[in-house]
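The values are calculated or read from the model by the stated rules, or taken from the named source; none is laboratory data. Note that the structure is predicted; figures quoted are calculated from it, not measured. Please note: Cβ atoms are built from the backbone with ideal geometry, for glycine as well, and neighbour counts cover all protein chains shown.
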Amino acid sequence: MARRSTGSDGEDSGPGGKLYYRIGEVSRITGIKPYVLRYWESEFRWMAPAKSRSKQRLYRQRDIEIIELIKRLLYEERFTIAGARRKLRELGVGRALDTPQLDLALEGDPRQQIRRIRDALVEIRGML
C-alpha cells in the first residue's frame, strides 16, 4: 500500500497524493511495459527504484519523471540506449529533466527552417 505524504519528511507527493507507485501503476502512467522498465533499470543507473520488504519496486514521482525523459530520448528523439545514457550523463539527470525539447518545427520559410536546423546542429556539436 502506498503511503501518503504528511509534509514532515520534505517529500512531495505525486499527482494522486502518493509517495510510491508500483511497477504496474508506473506502466499505466508512462505507457511503458513492466518488462521494459525492468530492462531500463539494468541500462540506466539513474533508474534504481527502492524496493519494499517483499522486493516489489517502489517508484517515486522523480523516478517517473526520469522514465518519461528516457522514453522521450529513445522514442521521440530516436537516441540509442547508449546515446541516451551519454546524453543523460552529459546533462546530469536533474538538468536533463529541465531541458526543453529541441524545437525543429518545419513551418514557415525554408531558409528559416535551414537556419533553425543549423543552429540546432551547432548546439549539438558544442555538447560533444
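What number goes with the only condition from (1) within 23 Å of E76 (Cα to Cα); (2) at pLDDT below 90; (3) loosely packed, with under 11 Cβ neighbours inside 10 Å that F44 does not pass? The one condition F44 does not meet is (3).
Taking residues in segment 69-83 that are closer than 18 Å to L37 by Cβ, and partners anywhere that are in a helix (DSSP H, G or I) and charged (D, E, K, R), the pairs with Cβ atoms closer than 8 Å and at least 6 places apart or on different chains are L73/K87; F79/K87; I81/E43. Scan segment 94-108 and give yes if some residue there is surrounded by fewer than 12 Cβ atoms within 10 Å (Cβ to Cβ), at pLDDT 80 or above, hydrophobic (A, V, I, L, M, F, W, C) and over 19 Å from K33 (Cβ atoms), otherwise no. Among the residues of segment 94-108, not one is surrounded by fewer than 12 Cβ atoms within 10 Å (Cβ to Cβ), at pLDDT 80 or above, hydrophobic (A, V, I, L, M, F, W, C) and over 19 Å from K33 (Cβ atoms), which makes the answer no. The C-beta contact set for segment 48-59 (first residue touching a residue at least 24 places away in the same chain (Cβ under 8 Å), second residue of a type in the set (G, A, S), distance under 7 angstrom, 6+ apart or interchain) comprises L58/A50; L58/S52. Among the residues of segment 16-47, those identified as in contact (Cβ under 8 Å) with a residue 12 or more places away in the chain, assigned to a loop (DSSP other than H, G, I, E, B) and of a type outside the set (D, E, K, R) are G17, L19, Y20, G31, I32, F44, W46, M47.
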